[in-house]
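Here is the structure we will look at, set down as structure tokens.
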Amino acid sequence: MPLPIKIGTVAQLIRFIRGEKVILDRDIAQLYNVETRALKQAVKRNIKRFPLDFMFKLTESEVAAMVSQNVIPSKKYFGGSKPMAFTEQGVAMLSSVLNSERAIEINIAIMRTFVKLRQLIESNKNLAKKIVALESKYDGQFQIVFEAIRQLMKEDNKHKNRIGF
């Protein structure tokens, strides 16, 4: 019996492409413990369930950008076809296409990860708003403190980019 999937494991697979948080077909197939081509075939058989806001295929330039940014080692990583990118809604729809115990467990873990990411992003926005409010309230004597906090927030965002957010 496979071990439960951790949020951190799934979070490392989430990429930011076309302004969307997505997981690539190859990564989802590995989580589901199925071949990528089997996942793609299931999606193609049910293509009406996957509008563009649920799933899209990457372009050659998007794949090239991922290689140049060291997100993936080379184009060979995807085999011979263009990868599919699944949004949160697309991952949820996969549960109706791939109906196995493993798929259900993985979908739950992925959905929890997307929710956790939204919460983290929102808390970061709230913190930034509070800092701006404090800056306007206090004079220049605390400027160094506010600048240090901003720097820490930027460093946190740099770390997120390294794992594919």
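The values are calculated or read from the model by the stated rules, or taken from the named source; none is laboratory data. If you're wondering where the values come from, they're calculated on a predicted model, not measured in any experiment. No Cβ is skipped: glycine too gets one built from the backbone with ideal geometry, and neighbour counts run over all protein chains shown.
Of the helices (runs of 4 or more DSSP H) entirely within region 60-165, those holding at least 3 residues that are farther than 23 Å from ILE47 by Cβ and either at pLDDT below 75 or of a type in the set (D, E, K, R) (or both) occupy 101-137, 143-162.
All conditions in (1) in a helix (DSSP H, G or I); (2) surrounded by 13 or more Cβ atoms within 10 Å (Cβ to Cβ); (3) modelled with pLDDT of 90 or more hold for LEU31, with the sole exception of (3). Just one of (1) more than 18 Å from LEU94 (Cα to Cα); (2) at pLDDT 90 or above fails for PRO2. It is (2). Looking across region 110-126, the residues that are among the charged types (D, E, K, R) and in contact (Cβ under 8 Å) with a residue 40 or more places away in the chain come down to ARG112, LYS116.
Only residues that are part of a loop (DSSP other than H, G, I, E, B), free of Cβ contacts under 8 Å to residues at least 24 places away in the same chain and farther than 16 Å from ILE17 by Cβ: list them for region 40-59, please. Matches in region 40-59: PRO51 only.
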